[in-house]
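Derivation of every value follows stated rules applied to the coordinates shown; laboratory data play no part. This structure is a prediction, so every number in the text was calculated from the model and none was measured. Using ideal geometry, Cβ is built from the backbone for each residue, glycine included, and neighbour counts are taken over all protein chains shown.
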Amino acid sequence: MLAHPTLDRLHQMGLFGMAKAFTEIMASDHATTLSFPECLGLLLDRETTYRYDKKLAARLRYARLRHQATVEDIDFRTSRGLDRALFHKLAQGSWIEAHDNLIICGPTGIGKSFLACALGHKACRDNHSVLYQRAPKLFADLALARGDGRYARICRALFGVQLLLIDDFALEPLDAQARHELLEIVEQRYGRRSTLITSQLPVDQWHKIIADPTYADAILDRLVHNAHRIELTGDSLRKIRSRPRG
């Protein structure tokens, strides 16, 4: 077999995973022992894996997740009210396919952002588009974008991504512009896309943070009624892990 022309052809066709597998096979002792179906199956498997890994890397770059967390990293031993069965069910992603929302509430340091990023990472692995945003920065960026021409592009991303993660919501009361932006986001996404929100405050205090009864009713109506909830309790994990042992 003329290996070099075959390898060149694979590269020309963009079959880079297959080309790498072909090189490894030809350099190994298995080149003459593999049957044609076995060799073809191996090449196709490697090409499929290569394409999946490339797309996953692109989705993760776009998501810009705050933590490099996976669902396999989650600690269920620490007492914080995290239901293992519920979390594993959410990790399966059917709520994203159903365009439901998810709200994770709990005190600071309890691991809300880590859980959210782990679910976001799993969504990327399941071929969903994901975008992470911290609420304070999101509203500040939107205010600036109105003046520099980026507003429409940012809104397209916020409205269109399959899973939007809004972290650290309700750290401070929303001003009139932020209320309007949030309503637009949840209105455009309601019933079409999924939104995951983390907050130190329980949902029953969001009305006060939104700071306008009319807007609060409209926003919560679109966020809460189809939302799954994880409510965490306990001490900060940072505090627990910093305690001296012994």
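Exposure proxy for ARG9, ARG189, ARG134: other Cβ atoms within 10 Å of each Cβ, ordered fewest to most, give ARG9, ARG134, ARG189.
Phi-derived couplings, Karplus 6.51 cos²θ - 1.76 cosθ + 1.60 at θ = phi - 60°, listed residue by residue for segment 58-67: 5, 5, 5, 4, 5, 5, 6, 5, 5, 10 Hz, with x used for Gly and Pro. Relative to the globular-protein estimate of 2.2 N^0.38 Å, the Cα radius of gyration of segment 3-62 stands at 1.24.
Expressed as a whole percent, the proportion of Cα-Cα pairs in segment 46-92 lying more than 13 Å apart is 69%.
Neighbour counts of C-beta atoms inside 10 Å place ASP168, ASP100, ASP53, ASP148 in the sequence ASP148, ASP53, ASP100, ASP168, starting with the fewest. Taking the charge dipole of segment 64-242 about its Cα centre, with +1 at Lys and Arg Cβ atoms and -1 at Asp and Glu Cβ atoms, the residue from GLY147, TRP206, GLN162 reaching farthest to the positive side is GLN162.
Between SER35 and ARG77, the modelled labels are 4.8 nm apart [label points 7 Å from Cα along Cα→Cβ].
Between ASP8 and MET26, residue separation times 0.36 nm minus the direct Cα-Cα distance comes to 5.1 nm.
Of THR23, THR78, THR233, the residue with the greatest mean-square motion in the GNM of the chain, using alpha carbon springs below 10 Å, is THR23. When restricted to Cα atoms, segment 64-242 yields an Rg and a Dmax of 15.8, 48 Å, respectively. Under 5 Å between amide hydrogens, built in the peptide plane, is the criterion, and for ILE103 it picks out ILE197, HIS228, ARG229, ILE230 among residues at least 5 positions away or on other chains. Annotation: the residues SER28, SER35, sorted from fewest to most other C-beta atoms within 10 Å of their own C-beta, follow the order SER35, SER28. Summarising the label geometry, the points placed 7 Å from Cα in the beta-carbon direction at VAL224 and GLU187 lie 2.0 nm from one another. Judged by the gyration tensor of its Cα atoms, with axes a ≥ b ≥ c, segment 1-149 is prolate; a/c meets the 1.5 cut and a/b is the larger of a/b and b/c. Over the C-alpha trace of segment 48-122, radius of gyration and Dmax come out as 13.6, 43 angstrom.
For the chain, the longest principal axis of the alpha carbon atoms and the long axis of helix 135-148 meet at an angle near 80°.
When the listed pairs LYS89/LYS137; LYS20/LYS54; LYS54/LYS89; LYS89/LYS122 are checked against a 19 Å cut-off, the alpha-carbon distance exceeds it for LYS89/LYS137; LYS54/LYS89.
Estimated purely from DSSP H runs of n ≥ 4, each contributing -39500 (n - 2.57), the mean residue ellipticity at 222 nm for the chain is -17000 deg cm²/dmol once divided by its residues.
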